[in-house]
Amino acid sequence: ALMKKKSLTPFGETEMEVLQHVWELERASVADVRERILQHRDIAYTTVMTVLKNLMEKGYLDYEKEGNSYIYFPRESAADVQHSVLRSLLKKVFNNSPAALVQSLVKSEELSGAERKQILEMIRDMEDDDARSDS
């Protein structure tokens, strides 16, 4: 029997992809989302419809009826969802250690020099802010 790989986040891959599109569009019909995914790969209308329904049942999306179509919109901001997914990854994968997570990110070869520099600058800015608020 095929073992179903347990996702470490509350989303399947297609769910995450669909959610990203809804965040970008702010309000989206099944057709809107499918159109965007079709630019990269083939996907059935019914698949997109099912995924949107699932995301709604999980509480990430809400919908309104417009004429005879459903328009979906985010219930939570991208930033809030990213934050809570990251928190659960921290717990499950990095033993609640932000340093371990950052180390894993920074050591990964996909990180360009520019991105590494950006992360360093972000940390320096935060240190500056801390120093300012302490004085």
*Computed magnitude of the charge dipole of region 1-133 (debye, nearest 20; Cβ of K, R +1, Cβ of D, E -1)*: 700
*Considering amide H positions built from the backbone, and no H for Pro or chain starts, which residues 5 or more places from TYR70, or on another chain, come under 5 Å of its amide H?*
VAL30
*Accessible area of the chain divided out per residue, in Å², using a probe of 1.4 angstrom*: 74
*Considering the dipole of the chain built from charges on the beta carbon (Lys and Arg +1, Asp and Glu -1) around the Cα centre, which of SER29, VAL93, ALA131 is farthest to its positive end?*
VAL93
*Give, rounded to the nearest 20 debye, the magnitude of the charge dipole that region 58-104 has about its Cα centre when Lys and Arg contribute +1 at Cβ and Asp and Glu contribute -1 at Cβ.*
340
*So who's got an amide H within less than 5 Å of the one on ASP62, skipping anything under 5 residues away but keeping other chains? H placed 1.01 Å off N, in plane.*
PHE73, ARG75
*Relative packing of peptides 102-113, 31-42, 9-20 - highest average C-beta neighbours within 10 Å first*: 9-20, 31-42, 102-113
_Just to confirm my numbers, what's the Cα centroid distance between region 11-59 and region 65-135 in Å?_
23
_Percent carbon-and-sulfur accessible area, region 34-135, ignoring ligands, DNA and RNA, probe 1.4 Å_ = 51
_Hz values of 3J(HN,Hα) by residue in region 65-75 - Karplus curve (6.51, -1.76, 1.60), Gly and Pro given as x_ = 8, 10, x, 10, 10, 9, 10, 9, 8, x, 8
*What shape does region 1-93 take by its C-alpha gyration tensor, where a ≥ b ≥ c are the square roots of the eigenvalues and a/c under 1.5 counts as rounded, a/b above b/c as prolate, and the rest as oblate?*
oblate
*Going by a ≥ b ≥ c, the root eigenvalues of the Cα gyration tensor, does region 96-135 fall in the rounded group (a/c under 1.5), the prolate group (a/b larger than b/c) or the oblate group?*
oblate
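The values are calculated or read from the model by the stated rules, or taken from the named source; none is laboratory data. Since this is a predicted model, take the numbers as computed values, not measurements. Here the Cβ is made from the backbone with ideal geometry for all residues, glycine too, and neighbour counts use every protein chain on show. Please note that ligands, DNA and RNA were not included when accessible areas were found on the heavy atoms of the full protein model with its side chains. Shrake-Rupley method; radii C 1.70, N 1.55, O 1.52, S 1.80 Å.
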